[in-house]
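Everything below concerns the one structure shown next.
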Amino acid sequence: MSEIKNISISYREFQNHNELNAEDQELIKVSEEAARSAYAPYSQFRVGAAVRLESGRIVHGANVENAAFPSGICAERTALAASITNFPDDRPVTLAISAISDDGSVAEQVTPCGNCRQVIAEEESRWNRQIRILLAGKNKIIELDGIGQLLPLQFNRSSLRPDRP
Ligand code: THU
């Protein structure tokens with residue numbers, strides 16, 4: 001007999017940056033600065049991402065657009081591609097994401113697109129550890145324990161080879 005299943009997510013919401021520890025505040029600042037370096041001539045939507053690695057090192061990225069629109073890439077993926085390729089043995093612990101408005105001020109929080117969720121999921125499954133995510137907006141900051149909250153029932157390496165974890 002069929003059955004309705006429910007998936008619920010929970011996350012923490014902060015009203016103010018001061019409620020976060022100094023490391024997280026720093027990470028968010030780096031993501032905001034990264035957003036300023038976005039190349040977004042088509043959407044004018046500037047996003048920055050900053051990954052804190054286990055060593056404490058921070059790697060950042062921003063969206064890079066292209067006249068051939070699908071060739072553009074999001075901030076989350078440029079940041080993760082940079083950390084994975086430059087520091088492959090240093091595990092990502094926290095990922096902060098910010099956007100900047102046209103006037104240069106911090107915008108409302110943005111949430112990663114489907115492609116980026118999948119890429120974050122891949123990095124979690126490579127390490128078999130969650131990546132904490134901070135969606136940092138001007139009025140609030142959302143903290144997620146991992147990508148599972150944004151991408152439930154995900155397809156990952158264990159789906160590909162269910163017999164080999
Ligand atoms: N974008 C990101 O970089 N990250 C997100 O989380 C959402 C969207 C970029 C892609 C594109 O360059 C622009 O924002 C508008 O979609």
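The values are calculated or read from the model by the stated rules, or taken from the named source; none is laboratory data. Keep in mind it's a predicted model, so treat the numbers as computed, not measured. In this analysis, Cβ positions are derived from the backbone assuming ideal geometry, glycine residues included, and neighbour counts consider all displayed protein chains. Remember, those area values only see protein heavy atoms, side chains included, never the ligands or the DNA or RNA. Shrake-Rupley method; radii C 1.70, N 1.55, O 1.52, S 1.80 Å.
If you fit an axis through the alpha-carbon atoms of helix 114-127 and take the longest principal axis of the Cα set of the chain, what angle between them do you get, 0 to 90°, nearest 10? Between helix and principal axis, roughly 60 degrees. Counting charges near residue 14 (Lys, Arg +1; Asp, Glu -1) among other residues having Cβ under 11 Å from its Cβ returns a value of -2.
Reducing segment 41-59 and segment 1-34 to their Cα centroids gives an inter-centroid distance of 15 Å.
The angle between the Cα long axis of helix 75-86 and the main principal axis of the chain comes to about 80°, on a 0 to 90 degree scale. For segment 62-140, applying the loop criterion from DSSP together with a ceiling of 14 other beta carbons within 10 Å to the GluC sites (Glu not before Pro) yields 108.
Seen against the Cα atoms of the chain and their longest principal axis, helix 22-36 is set at about 70 degrees. With the charge dipole of segment 12-149 set up from +1 on Lys and Arg Cβ and -1 on Asp and Glu Cβ about the Cα centre, the Cα lying farthest toward the positive end among the listed residues 58, 97, 73 is that of 73.
By the Kirkwood approach, averaging reciprocal distances over each pair of separate Cα atoms, the chain gets a hydrodynamic radius of 16.4 Å.
Using the Cα centre of the chain as the reference point, and only Cβ charges (+1 on K/R, -1 on D/E), how large is the resulting charge dipole? Debye, rounded to the nearest 20. Charge dipole, the chain, about its Cα centre: 400 debye, nearest 20.
Of the residues 71, 105, 2, 31, ranked by 1.4 Å probe accessible area with the largest first, the sequence reads 2, 71, 105, 31.
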